[in-house]
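Taken together, the values in this text are just the output of simple stated rules run on the coordinates, not laboratory data. Note that the coordinates shown come from a computational prediction; the quantities given were computed from them, not determined experimentally. Here Cβ is always computed from backbone atoms with ideal geometry, including for glycine, and neighbour counts include all displayed protein chains.
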């Protein structure tokens with residue numbers, strides 16, 4: 001059962017890490033698109049999308065850090081009783 005829990009935890013962490021990378025890549029694409037256009041409205045639109053992706057990345061990173069901290073504490077507590 002412990003191996004199953006460990007696998008689930010690793011999967012969740014992996015999903016969050018992949019999501020963070022996806023947000024970073026999307027932000028880069030939107031910034032590039034903003035650089036490519038001369039139309040101010042379109043440029044602002046792409047910059048707005050890039051900011052949203054950066055915010056998503058920051059939220060996911062915060063959640064991942066919190067999850068990893070909790071898993072560390074739980075792991076240490078489990079080690080105390082094994």
* Asked: For the chain, treating each Cα as an identical point scatterer without solvent, what Debye log10 I(q)/I(0) comes out at q = 0.14, 0.17 1/Å?
  -> -0.60, -0.73
* Angle in degrees between helix 40-80 and the longest Cα principal axis of the chain, rounded to the nearest 10 -> 10 degrees
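So what's the back-of-envelope 222 nm ellipticity for the chain, counting only DSSP H runs of four-plus at -39500 (n - 2.57) apiece and dividing by all residues, rounded to 500?
-34000 deg cm²/dmol
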* **Sorted by Cβ density within 10 Å, fewest first, the residues 36, 80, 52** => 80, 36, 52
* **Highest-MSF residue in the chain out of 18, 53, 27 [GNM, Cα springs under 10 Å]** => 18
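Given all pairs of different Cα atoms, what value in angstroms does the Kirkwood hydrodynamic radius of the stretch 37-82 take? Could the numbers behind the result be given before it?
Details: mean 1/r = 0.0748 Å⁻¹.
Taking every pair of different Cα atoms in the stretch 37-82, averaging 1/r and inverting gives 13.4 Å.
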